[in-house]
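The values are calculated or read from the model by the stated rules, or taken from the named source; none is laboratory data. Just so you know, these numbers come straight off a predicted model, no measurement behind them. Heads up, the Cβs are rebuilt from the backbone with ideal geometry, glycines too, and the neighbour counts pull from every protein chain shown.
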Amino acid sequence: MSFLNPVVPHAETLCAPVPPADPSLPQNDTPAQQAARAAQLAASQLTYVWDDNVATLPGVPLAKSVPLDNLPTLQWWGLLIGISLKIVRNALAVKLGGVDRGELDSPRAKYEAMLAECDAIEASTAALVAPAAVPAQPHESFLGHLVQDLETAVARAEYDTRIATLKAHKARLEELMKIDDAHGLGSALPASLDAYRALFDTLPLPGIAWTFQDDALFAALRVQGPNAMLIAAVGDTLPANFPLTEAQYGAVVNGDTLADALAEGRLFMLDYAVLAALEDGSWGGLAKYSWQPLALFAVPPGGSSLVPVAIQCGQDPEEWPIFTPSPVADDLWGWEMAKLVVQVADGNYHELVAHLARTHLVIEGVAMATHRHLATVHPVWALLVPHFEGTLFINEAAATSLIASNGPIDHIFAGTIHSTQELAAAARLDFDFTAKMLPHDLAARGVGPGSALADFPYRDDGLLVWDAIHAWAKSYIGLYYASDADVRGDTELAAWAACVSGEAKIKGFGPIDSVKALVDACTMIMFTASAQHAAVNFPQKDIMAFAPAVTGAGWQSAPASQGGQDKAGWLAMMPPMALALEQLNVLELLGSLHYRPLGDYRSTNEPYAPWFADPQVTGPEGPLVQFQTHLASIDARIAARNANRLRPYPYLQPSQIPTSINI
């Protein structure tokens, strides 16, 4: 058994870990092997160091720095820069249009030079991500070993140079995406949806740009949009602060009564009270607005899908009246304004709570604990580490730029940057690991498979993937743990669990005292890092990149009454054109990068060989093949579902789910 990563003759492997061919539990090793494990973990703990004083995410345990073996592969860099180039070229085309209309002061030559720079970056990147030269195979003689060491050092230096250049390209493209010179964008045009659509100059315009005002789509987003994690059954009575009357309900849902809908469990609600933590910010001297609305939906008698019933734009009914869909022309734009209030709230809840806090930051805590307390010969280390690829790297970028002062979230979202950071941090620290396991969470919200809400694509597709991951975890773990006693006797596993619930500050984790508990924990970790992140990340491109559909702030106050509003007032609540472009840039990027689908386990070592080395795992009848076959079957099943759905939901097809949070 080898306890030290062997020298592998590829440049990228000089820092990257490799999986063991014969994983073992610490209690089954000899004293010498146990000592080797302890030495490896001691070294890892010097590399993976906690920091819970990151200013942008106060109190959240994060990595103090990103270890070398967590840096992205050349393959990932090629994808990122290719997508970024498309976005930058689109943004530059939009800015050139602004110059031609007299909205921007910059000369055309400035942006034309930037387009030429994009061409140069594209050519350079193609060369940089090409396969690296492979040093010769190991030499047996002493002199041969010196030659090999020299070859390895040269390969390392070449690789480091490539990465440094790619980082520089990324940084330059981020500069080119900035909207500092675009404040006047759109000033020569009348306010209109067409002006927002025109921001997609060289990029495909998402279909939601034409359909987002549809009430049926507004309802569907609750169960197959970026944030399907908030809709919950109402219960026996409406909240005391939501005084909807029987008459108001009956006017919206024909042939139904409020009493019947309550009794039959057909009412569902969004409650954004948690957003009270946000303090309204500003941008460019313009005030921004956030709200904490309540929104009610119903499944009509004999129906399966939600319909919107009523919206209250704040928590206090004395201040905020209830708005409802209405055929009365005078009420039309007030209803559209109320839906926009909900979409602003949903954008904040999605990005700060469901996305950043409950996927990115949770998985970082687990990743740190795994590297610090499970030796690289531990079978659970081998199972989980591929699900952490790129996470520490991408989270550092989020903490230092995305959610930092004067970053995109500071610009686009409603709260002051300090209150926004505080909300994200609180959401992470409040996350309950066991309660948020998909079956538990759905049941707690009253939207499980037996509920009146029959049409719920996130739930139905998500449970298929959850069950497949659970079966994979159970089969894999069963190879190494014959009994609950094996789990209880595993000192590394005990230290890992204590770290996850302790230093990592993940509530509701453990105790891990049985095979079942270990299987459930690993299922939750793998699902969160893969499917759950996919469900909240990839709709950003198709749904959120078009700012009028979902955005982070309101730019006029919400109306005090539904009647008497107009389209101009509705449009005035939407973001300035420059910020709509910034939102497009950021969310198009985040929602476009698909790297390594679930079930495709590979090393980070060029040429990215298969990850698992234990024949028990990889054999023709082994659990890995079974898992991959199961995922392929689910992919086909969801594709068939989407062929029959009015609105396809592709985000939980296994072929569209990356293994890890790497963007």
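A few comments on the model shown:
- Options Ala444, Ala468: the member that is in contact with a His (Cβ under 8 Å, 6 or more places away or on another chain), closer than 20 Å to Thr359 by Cα and small (Gly, Ala, Ser): Ala468
- Look at segment 498-510: where a residue is outside the structural domain of His371 (by TED's automatic domain parsing) and over 18 Å from Asp520 (Cα atoms), no partner that is of a type outside the set (A, V, I, L, M, F, W, C) and outside any helix (DSSP H, G or I) sits 6+ places away or on another chain with Cβ atoms under 6 Å.
- Residue in segment 32-54 that is assigned to a loop (DSSP other than H, G, I, E, B), more than 30 Å from Leu352 (Cβ to Cβ) and modelled with pLDDT of 95 or more present: no
- The listed residues are Gln562, Gln540, and the only one of them that is crowded, with 19+ Cβ neighbours inside 10 Å and assigned to a loop (DSSP other than H, G, I, E, B) turns out to be Gln562.
- Test: residue in segment 471-478 that is touching a residue at least 40 places away in the same chain (Cβ under 8 Å), touching a Leu at 6+ places or on another chain (Cβ under 7 Å) and buried (at least 23 other Cβ atoms within 10 Å of the Cβ): yes
- Filtered residues of segment 237-279 (kept if in contact (Cβ under 8 Å) with a residue 60 or more places away in the chain and part of a helix (DSSP H, G or I)): Gln248, Tyr249, Ala251, Val252, Val274, Leu275, Ala277
- Gly365, sole failed condition from (1) more than 22 Å from Pro539 (Cβ to Cβ); (2) within 26 Å of the chain's Cα centre (by Cα); (3) surrounded by fewer than 24 Cβ atoms within 10 Å (Cβ to Cβ); (4) not aliphatic (A, V, I, L, M): (3)
- Against the criterion of being in a helix (DSSP H, G or I) and either buried (at least 23 other Cβ atoms within 10 Å of the Cβ) or of a type in the set (A, V, I, L, M) (or both), Val586 qualifies.
- Against the criterion of being surrounded by fewer than 18 Cβ atoms within 10 Å (Cβ to Cβ), assigned to a helix (DSSP H, G or I) and in contact (Cβ under 8 Å) with a residue 12 or more places away in the chain, Ala521 does not qualify.
- For segment 68-83, the condition of being touching a residue at least 40 places away in the same chain (Cβ under 8 Å), among the aromatic types (Phe, Trp, Tyr) and part of a helix (DSSP H, G or I) holds for at least one residue.
- Candidate set: segment 280-313, residues that are hydroxyl-bearing (Ser, Thr, Tyr) and assigned to a loop (DSSP other than H, G, I, E, B); chosen: the one farthest from Gln421 (Cα to Cα): Ser304
- Hey, Ala426 crowded, with 23+ Cβ neighbours inside 10 Å and either assigned by TED's automatic domain parsing to the domain that holds Gly508 or part of a loop (DSSP other than H, G, I, E, B) (or both) or not: no
- Ile409 being over 30 Å from Ile634 (Cβ atoms), crowded, with 19+ Cβ neighbours inside 10 Å and under 19 Å from the mean Cα position of the chain (by Cα): yes
- Checked against (1) crowded, with 21+ Cβ neighbours inside 10 Å; (2) in a helix (DSSP H, G or I); (3) over 16 Å from the mean Cα position of the chain (by Cα), His387 meets all criteria but (3).
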